[in-house]
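Colleague: Mind having a look at this structure? Questions to follow.
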Amino acid sequence: MKVLVTGGAGFIGSHLVDVLIARGDSVVVIDDFNDFYDPEVKRSNLRKTPAKIFTVDVCDSDQIKAIVQTERPDVIVHLAARAGVRPSVLYPELYLKTNIFGTFNLLEAAKCSGISKLVFASSSSVYGATRHLPFREDQVLVQTLSPYASSKLAGEQLCSNYSHLHGLKVVCLRFFTVYGPRQRPDLSIHKFTRLIANGKPIEVYGDGTVRRDFTFIDDTIQGVVNAIDFEGAPFEIFNLGENQTVELNDVIRLIEKALGKSAVIDYQPPAPGDMPQTYADISKASRLLNYRPTTLIEDGIPRFVDWFQSIAKA
């Protein structure tokens, strides 16, 4: 099939592009190569790909409609977004514009061109202040904790609207702290690894007891590919996590062990917008998407560190 991937030069997107091409799909990438982090990192992710690449911002509705109309993909995978909880607190307007109106532009383009299916990248952040663990897709969500989270929840609602009103088949995927090779340099595992390797202190917000459902990139991509092929209900939401919750202090110890170096930790006050814990119930994804994560954090961290050291030597 032909798959259009927005944000296809990023961490998750570039891995998805590689897997889709390897299985024989035709892939079109939309990415604006913005400067949230070094654009050259994103360009290097796609340097050897045969995918067709458009350098376009998803907020440019005219160009998005034109590309979708011309390319006519079988499915759109919408990964492009302004990411990160903490920067969204500083730049809320940018996050709301890109993540809500950018999503609207993709949905509208799909409707106008008769595209039948869209896969939307949401986030575990939408669970916000809920105290029910593990997180289930059918929980009532009453309070998000950051503009990033609210923008993702709004994106899900827009997807639901277009599915109900226009017959678009939509799968929303709530990602849980994805890590692995090519991870964005601003995310904790990558940032901590780089700083510890260079003998520099790492900033930990709070006392390090926050817990996350860290999900290895290969497992997340398995879920995304299965969502692309999903033939079930016209609108569904799935958690894509590892189904385990790990304390940040334990992650730091795993990085130290893999590097053979000790961390110098600079404890900071808790950051506004951060969730104390994420933990995915993946029973629905397991049942309907045949989602089967296999990479424990004890195996994933050494694999990430091996990749980090390989690019550091390059």
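Colleague: Starting from residues that are at pLDDT 95 or above and among the aliphatic types (A, V, I, L, M), keep the ones in segment 217-234 and report whichever is farthest from Leu173 (Cα to Cα).
Modeller: Checking each candidate, the answer is Ile217.
Colleague: Here is a follow-up. Kindly indicate the residue of segment 267-283 that is exposed (fewer than 15 other Cβ atoms within 10 Å of the Cβ) and modelled with pLDDT under 95 and also nearest to Leu133 (Cα to Cα) among those meeting that condition.
Modeller: Here is the first cut: in segment 267-283, the residues exposed (fewer than 15 other Cβ atoms within 10 Å of the Cβ) are 267-272, 276, 283.
Applying the additional criterion that residues be modelled with pLDDT under 95 yields 267-272, 276.
Working: Tyr267: 27, Gln268: 26, Pro269: 25, Pro270: 21, Ala271: 22, Pro272: 21, Pro276: 12 Å.
By that ranking, first place goes to Pro276.
Colleague: May I ask you to list the residues in segment 285-314 that are part of a helix (DSSP H, G or I), hydrophobic (A, V, I, L, M, F, W, C) and modelled with pLDDT under 95? Lay out the reasoning, then the answer.
Modeller: Filtering segment 285-314 for residues part of a helix (DSSP H, G or I) gives 285-289, 297-313.
Narrowing further to those that are hydrophobic (A, V, I, L, M, F, W, C): 285, 288-289, 297, 301, 304-305, 307-308, 311-312.
Passing the criteria: Ile311, Ala312.
Colleague: Among the residues of segment 190-215, what is the count of those that are assigned to a helix (DSSP H, G or I) and either under 23 Å from Gly128 (Cβ atoms) or polar (S, T, N, Q) (or both)? Break it down into steps so the answer makes sense when it comes.
Modeller: Of segment 190-215, the ones assigned to a helix (DSSP H, G or I) are 190-197.
Subsequent filtering for residues that are either under 23 Å from Gly128 (Cβ atoms) or polar (S, T, N, Q) (or both) retains 193.
Matching residues across segment 190-215 total 1.
Colleague: Could you tell me whether segment 120-139 includes any residue that is farther than 20 Å from Leu240 by Cα and either modelled with pLDDT of 95 or more or not in a helix (DSSP H, G or I) (or both)?
Modeller: Residues of segment 120-139 farther than 20 Å from Leu240 by Cα: none.
Checking segment 120-139: not a single residue is farther than 20 Å from Leu240 by Cα and either modelled with pLDDT of 95 or more or not in a helix (DSSP H, G or I) (or both).
Colleague: Please determine whether any residue of segment 102-114 is in a loop (DSSP other than H, G, I, E, B) and not basic (Lys, Arg). Before the answer, list the steps.
Modeller: The first filter runs over segment 102-114 and keeps only residues in a loop (DSSP other than H, G, I, E, B), leaving 114.
Now narrow it down to the ones that are not basic (Lys, Arg): 114.
For segment 102-114, residues in a loop (DSSP other than H, G, I, E, B) and not basic (Lys, Arg): present.
Colleague: Which one is nearest to His166 (Cα to Cα), of the residues in segment 222-254 that are polar (S, T, N, Q) and part of a helix (DSSP H, G or I)? Before the answer, list the steps.
Modeller: Initial filter on segment 222-254 (polar (S, T, N, Q)): 222, 226, 239, 243-245, 249.
This time we only want the ones that are part of a helix (DSSP H, G or I), so: 222, 226, 249.
Working: Gln222: 28, Asn226: 23, Asn249: 47 Å.
That would be Asn226.
Colleague: Any residue at all in segment 234-249 that is without any contact (Cβ under 8 Å) to a residue 24 or more places away in the chain and surrounded by fewer than 16 Cβ atoms within 10 Å (Cβ to Cβ)? Break it down into steps so the answer makes sense when it comes.
Modeller: In the first step, residues of segment 234-249 are kept if they are without any contact (Cβ under 8 Å) to a residue 24 or more places away in the chain; the result is none.
No, because not a single residue in segment 234-249 is without any contact (Cβ under 8 Å) to a residue 24 or more places away in the chain and surrounded by fewer than 16 Cβ atoms within 10 Å (Cβ to Cβ).
Colleague: Something else: Here is a list of conditions, (1) farther than 28 Å from Phe230 by Cβ; (2) buried (at least 21 other Cβ atoms within 10 Å of the Cβ), and Val58 meets all of them except one; can you say which number that is?
Modeller: Among (1) farther than 28 Å from Phe230 by Cβ; (2) buried (at least 21 other Cβ atoms within 10 Å of the Cβ), the lone unmet condition for Val58 is (1).
Colleague: With the structure loaded, tell me whether Ile67 is under 22 Å from Glu108 (Cα atoms), surrounded by fewer than 23 Cβ atoms within 10 Å (Cβ to Cβ) and among the β-branched types (Val, Ile, Thr) or whether it fails that test. First the steps, then the outcome.
Modeller: Numbers: under 22 Å from Glu108 (Cα atoms): yes; surrounded by fewer than 23 Cβ atoms within 10 Å (Cβ to Cβ): yes; among the β-branched types (Val, Ile, Thr): yes.
For Ile67, the condition - under 22 Å from Glu108 (Cα atoms), surrounded by fewer than 23 Cβ atoms within 10 Å (Cβ to Cβ) and among the β-branched types (Val, Ile, Thr) - is met.
Colleague: Say we look at segment 104-153 and pick out the residues that are over 17 Å from Leu79 (Cβ atoms) and hydroxyl-bearing (Ser, Thr, Tyr); which of these is surrounded by the most Cβ atoms within 10 Å (Cβ to Cβ)?
Modeller: So, considering only residues that are over 17 Å from Leu79 (Cβ atoms) and hydroxyl-bearing (Ser, Thr, Tyr), the one surrounded by the most Cβ atoms within 10 Å (Cβ to Cβ) is Tyr127.
Colleague: Out of Val251, Val210, report the one residue that is over 14 Å from the mean Cα position of the chain (by Cα), farther than 20 Å from Phe304 by Cα and not small (Gly, Ala, Ser). Break it down stepwise before answering.
Modeller: Values: Val251 fails: farther than 20 Å from Phe304 by Cα.
From the options Val251, Val210, the qualifying one is Val210.
Colleague: So Gly167 ticks every box in (1) of a type in the set (Gly, Ala, Ser); (2) under 15 Å from Phe235 (Cβ atoms); (3) buried (at least 17 other Cβ atoms within 10 Å of the Cβ) but one. Which box is left unticked?
Modeller: (3)
The values are calculated or read from the model by the stated rules, or taken from the named source; none is laboratory data. Note that the structure is predicted; figures quoted are calculated from it, not measured. Methodologically, a virtual Cβ is constructed for each residue, glycine included, from the backbone with ideal geometry; neighbour enumeration extends over all protein chains shown.
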